[in-house]
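Asker: One structure, pasted below without further comment.
Bear in mind these aren't lab numbers, they're just calculated from the coordinates by the rules spelled out. Given the structure is predicted, the values throughout are model-derived calculations rather than measurements. In this analysis, Cβ positions are derived from the backbone assuming ideal geometry, glycine residues included, and neighbour counts consider all displayed protein chains.
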Ligand SMILES: Cc1cc2nc3c(=O)[nH]c(=O)nc-3n(C[C@H](O)[C@H](O)[C@H](O)COP(=O)(O)O)c2cc1C
């Protein structure tokens, strides 16, 4: 099925990745998914592994899912068409609201992860958590290191 995107090398389009907020999708042990807006992220090779590192505050429901749920996440850079949804996923909590219903965001089944990616995104990455730690004195956020299992770019930006 043509999803309007192609698999890419994870290090392609890094400028695009770094300059935009992302939707991060996580999943509980019953398969329920949540999505939150995230700006603090980095991408690059670490321990000889292609990696995305995300900074998530312990107060987020996403933090609970990343630590106690499925040890995977996806990072999705919204296209212009769905850019406004960042305001919703970044202000409501999945503890009390189904943000997929609220935003109308649609998912695409993961190829290498149980956690899905999001439709209409310019870039998307399927990641497996290989390490996490506190960020120390910099901020109260925890860092989650996700091995990039596969990455996609929309036909529109290729
Ligand atoms: C543009 C934007 C960027 C954000 N970046 C981050 C971030 O990097 N890390 C973080 O912990 N929260 C960040 N937030 C806040 C969370 O998205 C917000 O608290 C969200 O409601 C948490 O949802 P959850 O409780 O469903 O996980 C950001 C919010 C916005 C609007």
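Asker: Return only the number of the condition from (1) surrounded by 18 or more Cβ atoms within 10 Å (Cβ to Cβ); (2) within 12 Å of the ligand (Cβ to nearest atom); (3) over 13 Å from the mean Cα position of the chain (by Cα); (4) under 17 Å from residue 20 (Cβ atoms) that residue 75 does not satisfy.
Answerer: For residue 75, the failing item is (3).
Asker: Search region 67-85 for residues that are in contact (Cβ under 8 Å) with a residue 12 or more places away in the chain and pair each with any residue that is surrounded by fewer than 18 Cβ atoms within 10 Å (Cβ to Cβ) and assigned to a loop (DSSP other than H, G, I, E, B) when their beta-carbon atoms are under 7 Å apart and the residues are at least 6 apart or on different chains.
Answerer: Listed pairs, sorted by first residue: 69/28; 69/29; 70/29; 70/114; 72/114; 77/20; 79/156.
Asker: A follow-up question, please. Only one of these is surrounded by fewer than 20 Cβ atoms within 10 Å (Cβ to Cβ), touching a residue at least 40 places away in the same chain (Cβ under 8 Å) and farther than 19 Å from residue 11 by Cα: 156, 55. Name it.
Answerer: The match here is 55.
Asker: Now, a different point. Is it the case that residue 96 is without any contact (Cβ under 8 Å) to a residue 24 or more places away in the chain, within 11 Å of the ligand (Cβ to nearest atom) and more than 23 Å from residue 157 (Cα to Cα)?
Answerer: The answer is yes for residue 96.
Asker: Do you know which residues across region 58-83 are outside any helix (DSSP H, G or I) and over 18 Å from residue 14 (Cα atoms)? Spell out how you get there, then give the answer.
Answerer: Filtering region 58-83 down to residues outside any helix (DSSP H, G or I) leaves 58-60, 69-79, 83.
Selection gives 58, 59, 60, 69, 70, 71, 72, 73, 83.
Asker: So which of 109, 119 is away from the ligand (no atom under 16 Å from the Cβ) and touching a residue at least 60 places away in the same chain (Cβ under 8 Å)?
Answerer: Working: 109 fails: touching a residue at least 60 places away in the same chain (Cβ under 8 Å).
After applying the criteria, what remains is 119.
Asker: I need the full set of residues from region 40-52 which are surrounded by fewer than 17 Cβ atoms within 10 Å (Cβ to Cβ) and part of a strand (DSSP E or B), in order please.
Answerer: Of everything in region 40-52, those that are surrounded by fewer than 17 Cβ atoms within 10 Å (Cβ to Cβ) and part of a strand (DSSP E or B) turn out to be 42, 44, 45, 46, 49.
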